[in-house]
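Quick notes on the structure that follows.
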Amino acid sequence: MPATGTRTQTRTDARTDNTRSQNINLRVTRSQKALIDRAASALRRNRSDFMLETACREAETVLLDRRYFSLSAEDFKRFMSMLDRPPTANHRLRRLLRTTAPWEQ
């Protein structure tokens, strides 16, 4: 019979583990703290939630930007030739790029 109050944690994915059992301590300047507090307040969040959400979002962005993939020599050659090919005409994109942005009108 398992001991009462013990729990085995098998998920390590930050998005699926809802139990906050780990600490992260930071030293900040007064102005950094004030800036973070103002931003958290603007989003109607407390400081901890704001910092955690922002840090996790940035961490995911960093990791996704560094995604590695490998190709065979033949596939790499094909991939590079696709990148080197001039883009096909895209009239909708051309029209969009000619349009004045709303904030510039």
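The values are calculated or read from the model by the stated rules, or taken from the named source; none is laboratory data. Quantities reported herein were computed from a predicted structural model and do not represent experimental measurements. Virtual Cβ from ideal backbone geometry, glycine too; neighbours counted across all protein chains shown.
May I ask you to list the residues in the stretch 28-48 that are outside any helix (DSSP H, G or I) and over 23 Å from residue 18 (Cα atoms)? Answer for the stretch 28-48, where residues must be outside any helix (DSSP H, G or I) and over 23 Å from residue 18 (Cα atoms): 28, 29.
Scanning the stretch 50-79 for residues that are of a type in the set (Gly, Ala, Ser) and more than 30 Å from residue 34 (Cβ to Cβ) returns 70, 72, 73.
Given the residues 35, 26, which is the only one that is loosely packed, with under 10 Cβ neighbours inside 10 Å, aliphatic (A, V, I, L, M) and either under 23 Å from residue 60 (Cα atoms) or modelled with pLDDT of 50 or more (or both)? Only one candidate passes the filter, namely 26.
For the stretch 53-93, residues that are farther than 30 Å from residue 24 by Cα and surrounded by 10 or more Cβ atoms within 10 Å (Cβ to Cβ) total 9. Flag set for residue 51, criterion: in contact (Cβ under 8 Å) with a residue 12 or more places away in the chain and either in a helix (DSSP H, G or I) or β-branched (Val, Ile, Thr) (or both).
Okay, residues lined up against (1) among the polar types (S, T, N, Q); (2) part of a helix (DSSP H, G or I):
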residue	(1), (2)
24	no, no
57	no, yes
61	yes, yes
64	no, yes
74	no, yes
87	no, no
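Considering (1) charged (D, E, K, R); (2) exposed (fewer than 10 other Cβ atoms within 10 Å of the Cβ); (3) at pLDDT 95 or above, the lone condition that residue 15 does not fulfil carries the number (3).
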